[in-house]
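Report on the structure given below.
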Amino acid sequence: MISNAIVWDVNPMLIDSFVKVRWYGLMFAIGFLVGYKIVDKMFKKEGVPADWIDKLLLWVVGATIIGARLGHVFFYAWDQYKDDPIKILYIWEGGLASHGGTIAIIIAVLLFSVITTKRSPLWTFDRLVIPIAFVGALIRIGNLMNSEIFGHATDLPWGFMFVRSAEWHYFYEGQACHPTQIYESLCYLALFGLFMWMYWKKNAQNRPGLIFGVFLTLLFTARFLIEYVKNPQEEFERDMILNMGQLLSLPFILLGIGLIIYAMMHKPLTGVTDKKE
């Protein structure tokens, strides 16, 4: 046993009585509340219709939950659900995949743009990804509180011993592991700060696709690299050169690079930020 390892023995339940509240759910709720306020402030600054924010919230919340659940089912655990598909609905048992949530949010924004804004989807993406980075940081803290999605064994002084995790006891008992939830959360917070600076200080939203492109490129590059020290989510990934998370990250990285090139090849828009509808 490593003497300087951090023994992580946190109860995933914040309140465990007749009312049950999980840390993960609380982080999710705080993220969406703060995200709502950020988007609302941006929309008010730009003078867009007041009801757009509520409609966008409904699209994004629904897409996040449904997409992340289906992403887990089809990308990671189809063998587990194919014979008993009703369990796909048992979301309280856990099992969400961020790549599935990302795909669903992209589809939701496309529909929101066609139905509501009548603008290019890039207009929405460039604003929406700013709070999404913040929400992602809080969700990874929720994963930490659940003692899940951690990394390989490590001798580094900040290694965690996830004593409430059955997976840790089976594969790593007595060893410290990379707290990859913290790695990802810090990356997402740094990106959130970068995007706030790009929007509020540099008016990067006037180059459609730039903020969204930087988001996809940097977030999924960070995710790709962290996967090298992350424990596989499913057993079939153990013998893969690139695991499922890395393979799913590559298309988003390429799309992000393409959007950055597209944005920089066009002159920035003028007089857009404060335009009234």
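The values are calculated or read from the model by the stated rules, or taken from the named source; none is laboratory data. Here the structure is a predicted model, which is why all the values come from computation and not from measurement. No Cβ is skipped: glycine too gets one built from the backbone with ideal geometry, and neighbour counts run over all protein chains shown. Note: accessible area is taken over every heavy atom of the protein model, side chains too, but ligands, DNA and RNA are not part of it. Shrake-Rupley method; radii C 1.70, N 1.55, O 1.52, S 1.80 Å.
Values for this structure:
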{"quantity": "Prolate/oblate/rounded call for the chain, Cα gyration tensor, a/c under 1.5 rounded", "calculated": "prolate"}
{"quantity": "Around residue 214: net Lys/Arg minus Asp/Glu count, Cβ-Cβ under 14 Å", "calculated": "+2"}
{"quantity": "Accessible area per residue in Å² at 1.4 Å probe, computed on the chain", "calculated": "51"}
{"quantity": "Cα gyration tensor category, rounded, prolate or oblate, for the range 1-112 with a/c compared to 1.5", "calculated": "oblate"}
{"quantity": "Sulfur and carbon atoms: percent of accessible area, the range 96-214 [1.4 Å]", "calculated": "69"}
{"quantity": "Accessible carbon and sulfur surface of the range 4-60 relative to its total accessible area, %, 1.4 Å", "calculated": "69"}
{"quantity": "GluC sites (Glu not before Pro) restricted to DSSP loop in the range 85-180 with at most 13 other C-beta within 10 Å", "calculated": "173"}
{"quantity": "Leading residue at positive end of dipole, the range 1-130 (Cβ point charges), from 76, 56, 105", "calculated": "56"}
{"quantity": "Helix-derived mean residue ellipticity, 222 nm - over the chain, DSSP H n ≥ 4, -39500 (n - 2.57), to 500", "calculated": "-18500 deg cm²/dmol"}
{"quantity": "Qualifying chymotrypsin sites (Phe, Trp or Tyr not before Pro) for the range 39-117 [loop in DSSP, other Cβ within 10 Å: at most 13]", "calculated": "90"}
{"quantity": "Set 37/82; 20/44; 55/201 screened for pairs whose C-alpha atoms are more than 32 Å apart", "calculated": "37/82; 20/44"}
{"quantity": "Built amide H within the under 5 Å cut-off of residue 14, gap 5+", "calculated": "21, 22, 23"}
{"quantity": "Gyration tensor (alpha-carbon) shape descriptor, the range 138-196, a/c threshold 1.5", "calculated": "prolate"}
{"quantity": "Where labels lie 7 Å past Cα in the beta-carbon direction, separation of residue 257 and residue 203 in nm", "calculated": "3.1"}
